[in-house]
Structure formats: structure tokens, C-alpha cells
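The values are calculated or read from the model by the stated rules, or taken from the named source; none is laboratory data. From a predicted model like this one, the values you see are computed outputs, not experimental measurements. Don't worry about glycine lacking a Cβ; one is built from the backbone with ideal geometry, like all the others, and counts go over all protein chains shown. Please note that ligands, DNA and RNA were not included when accessible areas were found on the heavy atoms of the full protein model with its side chains. Shrake-Rupley method; radii C 1.70, N 1.55, O 1.52, S 1.80 Å.
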Amino acid sequence: LQLVCIDELDTIWVNNIGLRVGTPVLFTAQVNIFDPPPSGNGNGRIDPGETAFVEVGIRNRGLGNGYDVTASLISGDNRFLILDSIGSYGNILRDTIGFNTTDRFQVFAHSSIPRETQISCTLRISTPGYPVQTRAFVIDVGRLTASDPIPDGPRTPPLYYAYDNVDTFYLERPTYEWVEINTVGT
């Protein structure tokens, strides 16, 4: 833009003004899981047979701000049910990530889903005045960590699990007690 100013003496000043013009370009970022009892076990993951709340982060990589952002969650697997599919994000400014913390999605993972299954999902992101943006991502069901029992394998699904003392979320874990014997006997 050029700003042209003229005073009473017909003196002219011309200034160039640069304005950043852009739209929000929104992508999915990280996924946070909340699975409180009684419908979950509180381990921060979705396990088969659980109901959980899901926050999906949305990153704004565009040059413009996203105002009044909402999104709808769609499952790509009929065993992964979306119980509350609408999430509100408020404003997501450029170069930031917003979460649907006050309006989380609610999901149910059927018990027939094998552990370590990635469920394909779609997030349809809406911002007033802009086209709907559709983004694909995955949600892990039954993700195994170091504090989970070890499945036998390579058969799928596993038939047996081995529990050790770091499997803290499981009643089946053994009680660990160390007895030092290097100074006893010969």
C-alpha cells in the first residue's frame, strides 16, 4: 500500500506500508488422551474396551489467525466409536497450537480392537469465512509401553503376557524384593 499525505501547503508525503495478508492454515498436531475411572483406567491411553476423552491439537501454519475454530472428529473404523464428535477451540493465532481442552471429543474403543492398533481418523476443521480443512491422522489404541506386560508372539492376538515389577498399572505384577547373597556363603 502507498499512503499519500497532503497538507494545507500542498506538501506531499508518500509512505509505503507493508501489510501481512494471509489465511489460517490448520493441521493436526499432538493427541492427548484422558481416560479417568470408571470407564478408563487412568493411564493416559485408550485401551480396548475403554471410553476416553480426546484433545487433538491444531497447529496454525498460515499467515492469518483462526477465529472461533471448531472441529468434528470422524472415525475410520466402526469399532472405534465417536460419542461426542464436536470440539471447540476458540482462537488459534498464527504459529501457535490450540487444543479443545474445554470441549473434548469422547470416544469408545471396542474390546475387539487388538492392542497396538492405529485407528485412522479425520478432523474436519471449520473457521468462519474460510473453507473447511480436512486433516487425516491416527489415534493409537492399546499402545504398549515399558510399564505394560510383554505379549508372547509373533502370534496375533497374543495368547500370554509376561508381567514384571515395572507393570505398575496391573494387579498381576509381582512384588519385587531384593535379597543380597554375595556376602552369604561361599
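The residue among 147, 122, 169 whose Cα reaches farthest toward the positive pole of the charge dipole of region 107-171, with charges on the beta-carbon of Lys, Arg, Asp and Glu, is 122. Scoring 169-181, 55-67, 126-138 by mean Cβ neighbours within 10 Å over their residues and listing the highest first yields 55-67, 126-138, 169-181. Phi-derived couplings, Karplus 6.51 cos²θ - 1.76 cosθ + 1.60 at θ = phi - 60°, listed residue by residue for region 3-13: 9, 10, 10, 10, 9, 5, 8, 6, 6, 10, 10 Hz, with x used for Gly and Pro. Computed over neighbours whose Cβ is under 11 Å from that of residue 61, the net charge equals +1, Lys and Arg +1, Asp and Glu -1.
Rolling a 1.4 Å probe across the protein heavy atoms gives region 139-186 an accessible surface of 83 Å² per residue. Amide H contacts of residue 29 (H built 1.01 Å from N, in plane; Pro and chain starts excluded): 57, 58, 59 sit under 5 Å, all sequence-distant by 5 or more or on other chains. Among the protein heavy atoms, those of residue 117 account for about 30 Å² of accessible surface (1.4 Å probe, every chain in place).
For residue 149, neighbours were defined as the other residues whose beta-carbon sits under 11 Å from its Cβ, and their charges (Lys and Arg +1, Asp and Glu -1) total -3. Charges were assigned to the Cβ only: +1 to each Lys and Arg, -1 to each Asp and Glu. The resulting dipole of the chain about its Cα centre is roughly 540 debye. Around the amide H of residue 173, modelled in the peptide plane, lies no amide H under 5 Å away from a residue 5 or more places distant or on another chain. Answer with a single label: of (i) 53, 22, 13; (ii) 64, 16, 12; (iii) 25, 21, 15, which was calculated as semi-axes √(5λ) of the Cα gyration tensor in Å from the structure in view? Step by step, semi-axes √(5λ) of the Cα gyration tensor in Å for this structure corresponds to label (i). Considering only 74, 133, 102, and ranking their Cα positions along the charge dipole of region 38-186 that arises from unit charges at the beta-carbon of Lys, Arg, Asp and Glu, the one farthest toward the positive end is 133. Listed values for region 103-112 are Karplus-derived 3J(HN,Hα) couplings in whole Hz (6.51 cos²θ - 1.76 cosθ + 1.60, θ = phi - 60°), namely 9, 6, 6, 10, 10, 10, 9, 4, 5, 7, and x replaces Gly and Pro. Each Lys and Arg Cβ is given +1 and each Asp and Glu Cβ -1; about its Cα centre, region 68-172 then shows a dipole of about 420 debye. The local environment of residue 27, defined by Cβ-Cβ distances under 11 Å, has a net charge of +3 under the rule Lys, Arg +1 and Asp, Glu -1.
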